[in-house]
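Bear in mind these aren't lab numbers, they're just calculated from the coordinates by the rules spelled out. From a predicted model like this one, the values you see are computed outputs, not experimental measurements. Glycine gets a Cβ as well: all are built from the backbone with ideal geometry, and neighbour counts include every protein chain shown.
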Amino acid sequence: MSAPAVSAKGLVRRFGTVVAVDGLDLEIDAGTCLGLLGPNGAGKTTTIEMLEGLRRPDAGEIEILGMGWDRDGPRIRQRIGVQLQETMLQEKLTCDETLRVFASFYAHPRPRDEVMDIVGLVEKKGARVGTLSGGQKQRLALGCALINRPDLLFLDEPSTGLDPQARRRVWEVVEAFTSDGGTVLLTTHYMEEAERLSDRVIIIDQGRIIAEGSPQQIIDGLDAEAIVEFRIASDRNGADLPDGLFDDLPGAGSVRRSGDVVSFEVTDVQAAVFALLQRAKEHDVALDDLRTHRTTLEDVFVSLTGRQLRDG
Amino acid sequence: MGRTLWELTRLRLLLFLREPEVLFWVFAFPIIMALVLAFAFKDRGVEPSKIGVLASAPDAVRKALAASDELEVETYDDREVAEHALARGRIDVLVSPGAASEPPLVHLDENRTESVTARLRVRDALQAPLRSGPVTEERPVAAVGSRYIDFLFPGLLGMNIMGTGLWGIGFYLVDQRQKKLLRRMLVTPMPRAAYLLSFITSRFVLLAAEVLALLAFGLWMLDVPLDGSIVLFGLLTIFGAASFAGLGLLVASRARHIETISNLMNLVMMPMWLGSGVFFSYERFPEAMHPFCRALPLTALNDALRAVMLDGAGANDIAPELGVLLAWGVVCYAVALKVFRWE
């Protein structure tokens, strides 16, 4: 096996008294994609910014493509591509002019037309950035990150705020990059994004790693085949439900209630749902929005922290 | 480095040309201002003083006053109306009959220059019938180079070089910082010096356009003289622009918001609008303030521009001013580099 493209040990970063990153280790093998998953404020952006050389860690070591930031900063920068969170490109420049400026920073830039083709903006070449849609702007930002044929791509929440279709087009660009042998570090709070793009995922919360592995490994670790979820209608008889009404259903694991939404991790969907319906009928309880879904990384996060990914 | 510098310079110029408001402030505004001021202060020759005289004044007095071409006489029947006109400044002085055989009375407001002038003219007019001929001969100054517009124009030019230098750099930089574009560039191998240098190079290109447009307007439309060498004039504007580019860079080196930078810019420019002799000579301030006025970069630029344009000064004559400009530029640029906030 070749040396890892990124290797970090014992990263710590504090802001005043707040510890944003608290002793984080990570490695990314060349040619793979690592997803850094966590809620807002978990320390994802601080971590990726330390790896990009934008912030100095208070403690810990970082090696990028076998080089260190202290000695080889300019050489590392020649070989990485970066998409920062919420960078706004100059609205009054055209796409082509934007790429042209970025190309001038690198020793061996790619032809601009090639980049436009990769990110699917060929027909927008002469359009002002201000006239692009959110997804197109994001792909142009990706184009700026790819202009130097990087070996390693850092993407900080590349599809936040985009509609599903625009998001998929961003993913296609990233997938094309990895299938050409590129290495990617991605932060996201969309589990779907992490599952689709990443070979390995690290879930972080409050600056620490709480789960690590391939998406499938992490999901398997939860030991639940699926999640069953429903709402309890509030209008039947108005009486409070007895505590622990659904606690001991066959095939169901731990129960979680938030507001009037109840959810279970279940190992046997059929058995659990059958038992649930029976129990509801016995107690004359109406179940609204009953549904089951395959276990996702989001469920793992909820199970590990008791909180949702989205609202941190 | 060379290619990066060229692209960054080109970028700045493109962005500049795509902002119509900015174009207005840089090119149209100073020309409009020069036109308005030139009109307001245009040579009107000798303007007569407006005076009032009471109808009860002796005929001889009224005749003598009416005979003067320096006076525009209004006769009042009612003393109260006349006094009101004086109080409101509609007339500069009021002449009323003296008691018995005493000379006529002149009522005036000694705090108003016009009033004092009118008093002298009244005195002169009343003495005229007693004299055989004029006491003095007068030669009014009308030569090109000594009119107010000739004084004003170099000042406006200096102020414009300062304004576009500071605003152009300040807004652009803070805007890029706010958009996190500075951070985005930091993760590329872009040489940081090239980035900062591009402000100065693009500034020179704009400067050439701006100064040439204004100068052409001044020379042809306002008949402002350019007695000194045009090469020295060009060199001087380059020194000025570099000096203000450094100052702009320093002022914008840490600001994060457009509001902050606006306030800072105004704070920096305010003393120079007043104390650098744009509209009137700073020599009108008390003597003790002159050294401070002269230490301001805009004063140095204005003084040197006037010396070159109006007095045909050579490089040696304006060496001290060039030194002041250079010192401001170098010190500001060096400090800006040290304290610059990239994030």
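Compute the distance from the alpha-carbon center of segment A:71-104 to that of segment B:84-106, in whole Å. With segment A:71-104 and segment B:84-106 each reduced to a Cα centre, they are spaced 79 Å. Across peptide A:92-100, the mean count of Cβ atoms from other chains lying within 10 Å of each residue's own Cβ comes to 2.
Taking a label point 7 Å from the Cα of A:Gln165 along the Cα→Cβ vector, which residues of segment A:107-131 have an amide N closer than 19 Å to it? Residues A:119-124, A:131 fall inside that zone. Annotation: amide H of A:Val82 within the under-5 Å range of A:Phe154, sequence separation 5 or more or interchain, hydrogens built in the peptide plane.
For A:Ser303, B:Ser202, B:Ser146, B:Ser101, the sequence from fewest to most other C-beta atoms within 10 Å is B:Ser101, B:Ser146, A:Ser303, B:Ser202. Computed extension length for B:Leu13-B:Asp311: 103.8 nm, one decimal, from 0.36 nm per residue of separation with the Cα-Cα distance subtracted. Along its principal axes, segment B:49-130 has C-alpha extents of 31, 24, 19 angstrom, given from the largest down. Normalise the Debye intensity by I(0) for the protein assembly as shown, one equal point scatterer per Cα, no solvent, then take log10 at q = 0.07, 0.08, 0.11 Å⁻¹ and round to two decimals. Once normalised to I(0) and log-transformed, intensities are -0.68, -0.79, -1.11. Can you list the aspartates and glutamates whose alpha carbon sits under 12 Å from that of B:Lys179, skipping same-chain ones fewer than 8 residues off? B:Lys179 reaches A:Glu86, A:Glu91, B:Glu343.
Excluding same-chain neighbours fewer than eight residues apart, the lysines reachable from B:Lys63 by a Cα-Cα span under 26 Å are B:Lys50. Which trypsin sites (Lys or Arg not before Pro) in segment B:129-217 pass both tests, a DSSP loop state and at most 12 other beta-carbon atoms within 10 Å? The qualifying sites are B:Arg131.
Per-residue shielding of B:196-208, expressed as the average number of other chain Cβ atoms within 10 Å of the residue Cβ, stands at 0. Helical runs assigned H by DSSP (4 residues or longer) give chain B a calculated mean residue ellipticity at 222 nm of -20500 deg cm²/dmol, each run adding -39500 (n - 2.57) before division by the residue total. Listed peptides B:155-162, B:61-68 appear in the order B:155-162, B:61-68 once ranked by packing, highest mean of other Cβ atoms within 10 Å at the front. Per residue of peptide B:184-195, the mean number of Cβ atoms on other chains within 10 Å of the residue Cβ is 6. Each of the peptides A:57-65, B:233-241 was scored by the mean count of other Cβ atoms within 10 Å over its residues; in descending order, highest first, they stand as B:233-241, A:57-65. Which FRET efficiency value, to the nearest 0.05, do you get for B:Ala295 and B:Met221 by plugging their Cβ-Cβ distance into 1/(1 + (r/R0)^6) with R0 = 45 Å? The formula returns an efficiency of 0.85 here. Between the listed residues A:Ser7, B:Thr9, A:Ile210, the Cα displaced farthest toward the positive end of the dipole of the protein assembly as shown, a dipole computed from Cβ unit charges relative to the Cα centre, is found at B:Thr9. Going through the cross-link list A:Lys92/A:Lys137; A:Lys92/A:Lys125; A:Lys9/A:Lys44; A:Lys124/B:Lys180; A:Lys92/B:Lys180; A:Lys44/A:Lys137, which pairs have a Cα-Cα distance over 21 Å in this structure? Among A:Lys92/A:Lys137; A:Lys92/A:Lys125; A:Lys9/A:Lys44; A:Lys124/B:Lys180; A:Lys92/B:Lys180; A:Lys44/A:Lys137, the Cα-Cα distance tops 21 Å for A:Lys124/B:Lys180; A:Lys44/A:Lys137.
Within segment B:6-79, the proportion of Cα pairs with more than 19 Å between them is 65 percent. When A:Ile80, B:Ile32 are arranged by Cβ crowding within 10 Å, least crowded first, meaning fewest neighbours, the order is B:Ile32, A:Ile80. Remark on B:Thr75: its backbone amide H falls under 5 Å from those of B:Val53, a criterion applied only to residues 5 or more positions apart or on other chains, H modelled at 1.01 Å from N.
Using amide H atoms built in the peptide plane, which far-off residues or other-chain residues are under 5 Å from A:Asp205 H to H? Answer set, sorted by chain and number: A:Ile210.
Residues A:Thr98, A:Thr188, A:Thr178, ranked from the fewest to the most other C-beta atoms within 10 Å, line up as A:Thr178, A:Thr98, A:Thr188.
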